[in-house]
Amino acid sequence: MTEGTNVDQGSKPKSFTRFIPAILRTLMGLGFTAFGVIGLFNLMPPPKTLPPGVSEFMGGLKASGYFLPLLFGTQLLVGILLLLNLFVPLALVLIMPVLVNIILYHIFLDPSGIVPGAILMVLDLYLAWVYRDAYRPLLTMRAKPGMRSN
């Protein structure tokens with residue numbers, strides 16, 4: 001080993017980029033854990049004024065009685081899984097429909113708030129790419145019952 005370095009002769013230094021997926025996974029986990037807790041326990045008061053159509057949309061979701069607890073529970077579960085680095089590919093798949101709805105909600109009802117959802121969508125797509133090998137067995141065109149992946 002040469003003086004003043006942490007690198008053995010002949011080996012390449014390890015790049016900081018190897019930490020990027022873990023950092024982004026953690027940030028995404030923190031965001032969804034926070035959103036889930038805030039939503040489940042009504043920790044944030046609703047805004048005083050809403051764009052046209054938003055109060056009807058939210059009223060419909062509330063009136064269903066099940067959708068908002070399902071939404072916030074999913075966000076909390078996904079956030080915890082991402083923070084604990086457990087079932088990450090599954091967590092990324094579970095949150096994708098939520099992210100699609102967040103993006104569509106902002107496109108059609110409240111364009112001014114699209115940035116956080118867009119950032120989370122980019123993080124999800126990046127992490128799905130990083131974990132792409134975990135999805136390969138799911139993308140088998142003609143899978144057979146009992147078929148195992150290698």
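Tabulated results
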| read-out | value |
| --- | --- |
| Over the range 96-148: Rg over Rh, Cα atoms, Kirkwood Rh | 1.20 |
| The chain: DSSP helices with Cα axial extent of at least 20 Å and average Kyte-Doolittle hydropathy no lower than -0.5 | 20-40, 67-84, 88-108, 114-130 |
| Overall Cα dimensions of the range 19-106 - principal axes, largest extent first, Å | 42, 22, 22 |
| Residue among GLY53, GLY79, GLY36 with the largest mean-square fluctuation in a Gaussian network model of the chain, springs linking Cα atoms under 10 Å | GLY53 |
| Size of electric dipole in the chain: Cβ of Lys, Arg +1 and of Asp, Glu -1, about Cα centre, debye, nearest 20 | 500 debye |
| Positive-end residue, the range 69-150 charge dipole about Cα centroid, Cβ charges, pick of VAL100, GLY113, LEU127 | LEU127 |
| Apportionment of accessible area to carbon and sulfur, the chain, percent (1.4 Å) | 68 percent |
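The values are calculated or read from the model by the stated rules, or taken from the named source; none is laboratory data. Everything numeric here is computed off the predicted structure, so don't read it as measured data. Glycine also receives a Cβ, built like all others from the backbone with ideal geometry; neighbour counts cover every protein chain displayed. Calculation scope for accessible area: heavy atoms of the full protein, side chains included, ligands and nucleic acids excluded. Shrake-Rupley method; radii C 1.70, N 1.55, O 1.52, S 1.80 Å.
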